[in-house]
């Protein structure tokens, strides 16, 4: 390159090589970067304080989703909450949140993604969406759409939003959502062509305009994983009657500790 010394040209080659290697590494390792499953033996017995039934949602010989159905503590069940959890752990990590819904008269069905907990199968965006659809179909055997609430937490918000965009439900509730996985990863890796590299796009911002049910969003101001600024981009696609609750000092992991969230969630679950 004209005007560059051999030393400068050498450094440019090193920088370009590092850039390329990191991009290639992200492409092939993105599943391990984005998802952190905790697999457990299929014979291991779940132990939860809430009454529950453990079952499986089987799609084929290689794909089986572990499902835990937490029972309502009320004598009359109002409906069911289909709960799509975050990118880490398994149902054991999220079971403590079931009481938010069971005490309000709802069953809670928590499902583990492929490779999480006792679930098997390939982890892909298409499989996550198919898993959510099959769970919804199972719920429809017992409940009408006006009795089904879709709840997404963190990574699960894109899954819940996509399902709500193609199936009717009573409400869609999102805790710490992202505008899209593309925009979130671009926040951290802005020097890369993220849209081309990313296999899990989870375009929440394109799903929400298609959702006819009421939408409620909870996000904290101090979320270090999914910045509030990223989630706030969703405001532009919400309906005037939808809700965006910002919790001061809320992080990615502590929103359930806020009375404001608990009170608002109770109010949402008590809607006729």
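The values are calculated or read from the model by the stated rules, or taken from the named source; none is laboratory data. Just so it is clear, the model here is predicted, and its values are computed rather than measured. With ideal geometry, Cβ positions are generated from the backbone for all residues, glycine too; neighbour counts draw on all protein chains shown.
Here are 117, 105: which of them is on the phi > 0 side of the Ramachandran plot and in contact with a helix residue (DSSP H, G or I) (Cβ under 6 Å, 6 or more places away or on another chain)?
None of the other options fit; the residue is 117.
Do you know which residues across the range 45-67 are loosely packed, with under 11 Cβ neighbours inside 10 Å and farther than 23 Å from residue 107 by Cβ?
60, 61, 62
Quick check on my filter: what residues within the range 51-68 are in a loop (DSSP other than H, G, I, E, B) and either within 20 Å of residue 114 (Cα to Cα) or modelled with pLDDT of 95 or more (or both)?
Residues satisfying the conditions are 59, 60, 61, 62, 63.
Of all residues in the range 61-75 being in contact (Cβ under 8 Å) with a residue 24 or more places away in the chain and over 21 Å from the mean Cα position of the chain (by Cα), which is farthest from residue 98 (Cα to Cα)?
My answer is 62.
Assuming residue 90 fulfils every condition listed in (1) crowded, with 20+ Cβ neighbours inside 10 Å; (2) over 14 Å from the mean Cα position of the chain (by Cα); (3) at pLDDT 95 or above apart from one, which condition is it?
The failed condition is (2).
Can you find even one residue in the range 198-215 that is free of Cβ contacts under 8 Å to residues at least 24 places away in the same chain, exposed (fewer than 15 other Cβ atoms within 10 Å of the Cβ) and either under 18 Å from the mean Cα position of the chain (by Cα) or under 28 Å from residue 148 (Cα atoms) (or both)?
Checked the range 198-215: no residue is free of Cβ contacts under 8 Å to residues at least 24 places away in the same chain, exposed (fewer than 15 other Cβ atoms within 10 Å of the Cβ) and either under 18 Å from the mean Cα position of the chain (by Cα) or under 28 Å from residue 148 (Cα atoms) (or both).
Tell me, which residue of the range 227-247 that is in a loop (DSSP other than H, G, I, E, B) and in contact with a strand residue (DSSP E or B) (Cβ under 8 Å, 6 or more places away or on another chain) is surrounded by the fewest Cβ atoms within 10 Å (Cβ to Cβ)?
Only one residue fits best here, namely 239.
Please tell me if residue 265 is in contact with a helix residue (DSSP H, G or I) (Cβ under 9 Å, 6 or more places away or on another chain) and either free of Cβ contacts under 8 Å to residues at least 24 places away in the same chain or more than 28 Å from residue 167 (Cα to Cα) (or both).
Answer is no for this residue.
When the range 216-226 is examined, which residues are found to be surrounded by fewer than 19 Cβ atoms within 10 Å (Cβ to Cβ) and more than 23 Å from residue 266 (Cα to Cα)?
Passing the criteria: 222, 224, 225.
Can you pull out every residue in the range 19-50 that is in a helix (DSSP H, G or I) and more than 20 Å from the chain's Cα centre (by Cα)?
19, 20, 21, 22, 23, 24, 25, 26, 27, 28
Looking at the range 122-135, can you tell me whether even one residue there is at pLDDT 95 or above, farther than 26 Å from residue 201 by Cβ and in contact with a strand residue (DSSP E or B) (Cβ under 8 Å, 6 or more places away or on another chain)?
Among the residues of the range 122-135, not one is at pLDDT 95 or above, farther than 26 Å from residue 201 by Cβ and in contact with a strand residue (DSSP E or B) (Cβ under 8 Å, 6 or more places away or on another chain), which makes the answer no.
Right, residue 178: without any contact (Cβ under 8 Å) to a residue 60 or more places away in the chain, part of a loop (DSSP other than H, G, I, E, B) and surrounded by 18 or more Cβ atoms within 10 Å (Cβ to Cβ) or not?
Considered against the rule, which asks whether it is without any contact (Cβ under 8 Å) to a residue 60 or more places away in the chain, part of a loop (DSSP other than H, G, I, E, B) and surrounded by 18 or more Cβ atoms within 10 Å (Cβ to Cβ), residue 178 comes out as yes.
Buried (at least 22 other Cβ atoms within 10 Å of the Cβ) and more than 22 Å from residue 218 (Cα to Cα), is that true of residue 116?
yes
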